[in-house]
């Protein structure tokens, strides 16, 4: 087990990602945040919370998207996934969407998310924010626009993002 | 996570966890059905045949919508106008359909046990859409799901199942489902329409007094009188049945509490249920129908994903 980010570093990284978002989106007039279920929402909760603190008085629409029904491995031998809640109570038509997930690995989740999002409207732009970008593991041409940390890990290693709310502490680790 | 069964033949075969998994999945499909685009591509590589040997409005449309909203291809078959009248057997009929690369079967049949029999002879997953007087599992699931939605939970709730218990597959599936979820069940109806030894066999209370049952209950699931399944008359007239066992406004007002009214449809208005009750705020009959699509999507999703289909 190797620690990639400890609690303090994680907090700093999230702050930096928020400032980068502000740099691009400034007043967030047409921007919405969408966290990906089930694991990305801990990050998107933090990002949304931090942005609202940095930009008081600017309500930023924030939703959660579950991609279970859009997976490309359904009935292809993969285990059956139990869906999580999707909660998007606003239109994404012509909005600038920031998709948020914890780890970018093969890129297939993001592909599914792009599909799923189309059922809620046609966004003006879609950007991707991830906490951890695993390099050299992509199976689809998908890259992040905002990255917390880029790491090289071999396939047999697992990246785990731990959150205070769920796991009792904030930390990003690699498991052999 | 997946279901412990390969087919949905009856609630009898399910574990409590299976029922909860269906509910949890149906919750998310309910959300899908609220979207501007009420469709997901999950079963786009799956073809489902709806084989109906018996009439149906709700169940058939509900299954077909569920299938289409999962992105599946749908074929419909009804016995009338088919080669069944030329003497083709059930297995031959279904095997012929399956050989055209159909992956799942939804079947309604007037013979109890028909889907169980079929499941021993074909590979594809089967969903029982009602077999004779045996079971109607998806109806029980959507009924319990509707109670959960209305009252927050099923566990510990008191449910009265009223009317023709003898001929009702809805009653049997509901009893299994509610008991597995920890609800208390009372069946009420004329003695001729309640099978003997039901208390011991299924762990339900039995009463012949509708007022007593409703005064006890949180929920009343009122069943249709199934005249088509009664070979000999089991009560003197519909009018007398309605006077003794019909659920009407006057009866409900005398209870001093609001109970939830359910009915699996089709309603015989003025017989088992009066119109002013069926259309009142206490009734969740149309919510049941709405939830039916989400429940059936969940069942099809879980069965289709449970294993690799179409092994040929």
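When B:15, B:20 are checked against the criterion of being within 14 Å of chain A (Cβ to nearest Cβ) and within 19 Å of residue B:142 (Cα to Cα), B:20 stands alone in meeting it. When we screen B:160, B:129, B:171 for residues that are within 12 Å of residue B:219 (Cα to Cα), buried (at least 18 other Cβ atoms within 10 Å of the Cβ), modelled with pLDDT of 95 or more and touching a strand residue (DSSP E or B) at 6+ places or on another chain (Cβ under 9 Å), the only hit is B:160. Has region A:157-166 got any residue that is within 14 Å of another protein chain (Cβ to nearest Cβ), under 19 Å from residue A:38 (Cβ atoms), surrounded by fewer than 17 Cβ atoms within 10 Å (Cβ to Cβ) and touching a residue at least 24 places away in the same chain (Cβ under 8 Å)? Taking every residue of region A:157-166 in turn, none turns out to be within 14 Å of another protein chain (Cβ to nearest Cβ), under 19 Å from residue A:38 (Cβ atoms), surrounded by fewer than 17 Cβ atoms within 10 Å (Cβ to Cβ) and touching a residue at least 24 places away in the same chain (Cβ under 8 Å). Would you check which residues across region B:296-308 are part of a helix (DSSP H, G or I) and either at pLDDT below 95 or within 14 Å of chain A (Cβ to nearest Cβ) (or both) and list them? Hits for region B:296-308 are B:297, B:298, B:299, B:300, B:301, B:302, B:303, B:304, B:305. Return a yes/no flag: does region B:187-199 have any residue that is modelled with pLDDT under 95, surrounded by fewer than 17 Cβ atoms within 10 Å (Cβ to Cβ) and over 13 Å from residue B:166 (Cα atoms). Yes, there is a match, as at least one residue in region B:187-199 is modelled with pLDDT under 95, surrounded by fewer than 17 Cβ atoms within 10 Å (Cβ to Cβ) and over 13 Å from residue B:166 (Cα atoms).
Scanning region A:37-65 for residues that are within 14 Å of chain B (Cβ to nearest Cβ) and buried (at least 23 other Cβ atoms within 10 Å of the Cβ) gives a single hit, A:65.
The listed residues are B:40, B:74, B:32, B:51, and the only one of them that is more than 15 Å from residue B:115 (Cα to Cα) and touching a strand residue (DSSP E or B) at 6+ places or on another chain (Cβ under 9 Å) turns out to be B:74. Every condition in (1) surrounded by fewer than 24 Cβ atoms within 10 Å (Cβ to Cβ); (2) modelled with pLDDT of 95 or more holds for residue B:166 except the one numbered (2). Candidates in region A:112-142 are the residues that are part of a loop (DSSP other than H, G, I, E, B) and within 23 Å of residue A:93 (Cα to Cα); of these, the one that is nearest to the other protein chains (Cβ to nearest Cβ) is A:119. Within the bounds of region B:20-41, is there any residue that is outside any helix (DSSP H, G or I), touching a residue at least 12 places away in the same chain (Cβ under 8 Å) and exposed (fewer than 14 other Cβ atoms within 10 Å of the Cβ)? Scanning region B:20-41, I find no residue that is outside any helix (DSSP H, G or I), touching a residue at least 12 places away in the same chain (Cβ under 8 Å) and exposed (fewer than 14 other Cβ atoms within 10 Å of the Cβ), so the answer is no. Here residue B:143 does not fit the description of being closer than 21 Å to residue B:273 by Cβ and part of a loop (DSSP other than H, G, I, E, B). Among the residues of region B:247-283, those that are assigned to a helix (DSSP H, G or I) and within 26 Å of residue B:138 (Cα to Cα) comprise B:275, B:277, B:278. In summary, residue B:47 fulfils each of the numbered conditions (1) within 12 Å of chain A (Cβ to nearest Cβ); (2) over 21 Å from the mean Cα position of the chain (by Cα); (3) buried (at least 18 other Cβ atoms within 10 Å of the Cβ); (4) farther than 13 Å from residue B:295 by Cα with the single exception of condition (1). Look at (1) more than 14 Å from chain B (Cβ to nearest Cβ); (2) without any contact (Cβ under 8 Å) to a residue 60 or more places away in the chain; (3) within 20 Å of residue B:35 (Cβ to Cβ) and you find that residue A:83 fails only one, number (1). Out of A:92, A:151, A:110, A:174, one residue alone is under 19 Å from residue A:12 (Cα atoms) and touching a strand residue (DSSP E or B) at 6+ places or on another chain (Cβ under 9 Å). It is A:151.
The values are calculated or read from the model by the stated rules, or taken from the named source; none is laboratory data. Keep in mind that what you see is a predicted model, and the values were worked out from it rather than measured. Cβ sites come from the backbone with ideal geometry, for glycine too, and all protein chains shown count toward neighbours.
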